[in-house]
1. For A:T235, which of the numbered conditions (1) surrounded by fewer than 16 Cβ atoms within 10 Å (Cβ to Cβ); (2) free of Cβ contacts under 8 Å to residues at least 60 places away in the same chain fails to hold?
2. Can you tell me which residue within region B:100-120, out of those that are within 8 Å of another protein chain (Cβ to nearest Cβ) and touching a residue at least 24 places away in the same chain (Cβ under 8 Å), is farthest from B:G155 (Cα to Cα)?
3. Select from region B:121-147 the residues that are assigned to a loop (DSSP other than H, G, I, E, B) and touching a helix residue (DSSP H, G or I) at 6+ places or on another chain (Cβ under 8 Å) and write down the one among them that is nearest to the other protein chains (Cβ to nearest Cβ).
4. Here are A:P96, A:P109: which of them is crowded, with 24+ Cβ neighbours inside 10 Å, away from chain B (no Cβ under 14 Å) and over 23 Å from A:I253 (Cβ atoms)?
5. Please work out which residue is farthest from B:P178 (Cα to Cα), limiting yourself to region B:148-161 and to residues that are part of a loop (DSSP other than H, G, I, E, B) and of a type in the set (A, V, I, L, M).
6. Run down A:A117, A:A171, A:A144, A:A126 and say which single residue is in a helix (DSSP H, G or I) and either within 14 Å of chain B (Cβ to nearest Cβ) or touching a strand residue (DSSP E or B) at 6+ places or on another chain (Cβ under 7 Å) (or both).
7. Taking the stated definitions as given, is B:F24 of a type outside the set (V, I, T), touching a residue at least 60 places away in the same chain (Cβ under 8 Å) and either surrounded by 17 or more Cβ atoms within 10 Å (Cβ to Cβ) or at negative phi (or both)?
8. I'm checking my understanding of the structure. Among residues of region B:231-253 that are β-branched (V, I, T) and in a helix (DSSP H, G or I), which one is modelled with the lowest pLDDT?
Amino acid sequence: MDPNTENPNITPRKYVISKKLDSMFFGIYHAYQFVLRFFREVFVPPYEFKEIIHQCYEVGYKSLPLISLTGFITGVVFTNQSRPSLANFGATSWLPSLISIAIIRALAPLVTALIAAGKVGSNMGAELGSMKVTEQIDAMEVSATNPFKYLVVSRILATTFMIPILVMYTACVALMGAFLSVHSNEQTSFSMFFSQVFDTISFLDIFSTTFKSTVFGFTIGVVGCYHGYNSSKGTEGVGRAANSAVVAAMFLIFVEEIIIVQIVNAFR
Amino acid sequence: MVKEQKAIDRNNAVISIKGLKKAFGDLEVLRGVDLEVYQGENLVVLGRSGTGKSVLIKVISGLLLPDAGDVEVLGESVEHLSTRELMALRLKVGFSFQNSALYDSMTVRQNLEFPLVRNSRSLRRREINREVEDVLDAVGLSQTIEQMPSELSGGQRKRIGIARTLILRPEIMLYDEPTAGLDPITCIEINNLINEVQEKYKTTSIIITHDLTCAKETGDRIAMLLDGQFAIQGTFDEVFASKDERVQSFYNYNFTQ
């Protein structure tokens, strides 16, 4: 039965532009309201310190094994792939410099953010989505607890704090992987490798990476929570929330990456 | 079980609803609902699925905003309250959800502690434990304290859901389909529990159901929601003595099935 025609209580729905465009603009406006609400609530007591620490543990500590593995592999693979190109010019001694720039400026933040978007973002989308469809969020609300503050603000703060730390950790692990590759092929010592690494990177590199990863962390938290908190349509909605959280977060991370790189390059 | 005559204060309406309208998109669910619920009363709202029974109690608890009309709970107009005032009001209004809505990542103890710890931050561990044990005892499930919600039966989950609302000592209890999906014996146990809660905690209750046995066992007054409005109100016998065809078909369907 088509409810628009059969049910006397329903009049046919009218759209401003078209169904898809209307829902897209409505979605953007809704997401904007969600972010505004975060900033309105984050500074107002009571502060959920215990939950924030718990979420930091979930986001940070529980991501360590995956981040360690991917960071290490990134370092090794990038070094091995770069070596032949530099060898053609007899410039393998520049490997540590090249690697440090690539890892600190781009690879560590991107790899960490993408892994976190997949692991943490989908987890948040599914967890909050499941709580929404089983009325657990409503149950929190009727027991005089602000679910937005307890569930959303704490998660967004956790990703915003923890992703920069994870990025630094990934950079260290990737550099260790790169060092092992360089050491085994070029017999470069540990101190020589790392002195070249630190000579190459500047304060601006560290600052831009930290800033970038903070923005990535905030994005992962907002997108994951937004999709979970606003999920509907039962269990199908939970799956959709998790999926949308990952896809949207990854897309936004690339968009933010290109914007921040352009801004930072203007200062270089 | 024969219900005892209770002291209902007919001059003291704790919930007063006038001209309440609520629509979802173009679908009008409530079309000018008027209702008064008196201190100490168990009011049962009967009606078919999708008639807006749950919407009504979600508006009362402030989970949904009305499109039109006035909803006063304990003398306060729900839609005009600030967030802080609404939070304060919610401490006095317990809500038992249809599917219990227990926090599935927490044990029974943590589920029960959650509202208490968050709203009474000065309470000591010993006092919290005593409160938890007290409400668990009231619903007869002391042995489940360290279990996870997934380890409980449907009836046990309902009882824990009721216990979680009782821990804040509410003045009003809102039950959304308390017997839905339960076997007949568990339904009787839940009906008895609702009456025991009313007796022990002196609450005023609204019970949303389409189960006539539940309505008969728990309700002091029945209000029948039909086509977005209360078609008839009265005692169980008064309501079903009505000649209204919609009321009769509801009764016949329940008891002939």
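The values are calculated or read from the model by the stated rules, or taken from the named source; none is laboratory data. Because the structure is predicted, anything quoted here is derived from the model rather than measured. Cβ placement follows ideal geometry from the backbone for every residue including glycine, while neighbour counts extend to all protein chains displayed.
1. All conditions are met except number (2).
2. B:N119
3. Initially, region B:121-147 is screened for residues assigned to a loop (DSSP other than H, G, I, E, B), giving B:121-124, B:139-141, B:145-147.
Retained after the next criterion (residues that are touching a helix residue (DSSP H, G or I) at 6+ places or on another chain (Cβ under 8 Å)): B:123, B:139-141, B:145-147.
Details: B:L123: 15, B:V139: 16, B:G140: 21, B:L141: 18, B:I145: 19, B:E146: 20, B:Q147: 17 Å.
Among them, the one singled out is B:L123.
4. Within the list A:P96, A:P109, the selection yields A:P96.
5. Narrowing region B:148-161 to residues part of a loop (DSSP other than H, G, I, E, B): B:148, B:152-153.
Then drop every residue that is not of a type in the set (A, V, I, L, M), which leaves B:148, B:152.
Values: B:M148: 20, B:L152: 16 Å.
Filtering region B:148-161 for residues that are part of a loop (DSSP other than H, G, I, E, B) and of a type in the set (A, V, I, L, M), the one farthest from B:P178 (Cα to Cα) comes out as B:M148.
6. Numbers: A:A117 fails: either within 14 Å of chain B (Cβ to nearest Cβ) or touching a strand residue (DSSP E or B) at 6+ places or on another chain (Cβ under 7 Å) (or both); A:A171 fails: either within 14 Å of chain B (Cβ to nearest Cβ) or touching a strand residue (DSSP E or B) at 6+ places or on another chain (Cβ under 7 Å) (or both); A:A144 fails: in a helix (DSSP H, G or I).
It is A:A126.
7. Details: of a type outside the set (V, I, T): yes; touching a residue at least 60 places away in the same chain (Cβ under 8 Å): no; either surrounded by 17 or more Cβ atoms within 10 Å (Cβ to Cβ) or at negative phi (or both): yes.
It is false that B:F24 is of a type outside the set (V, I, T), touching a residue at least 60 places away in the same chain (Cβ under 8 Å) and either surrounded by 17 or more Cβ atoms within 10 Å (Cβ to Cβ) or at negative phi (or both).
8. B:V247
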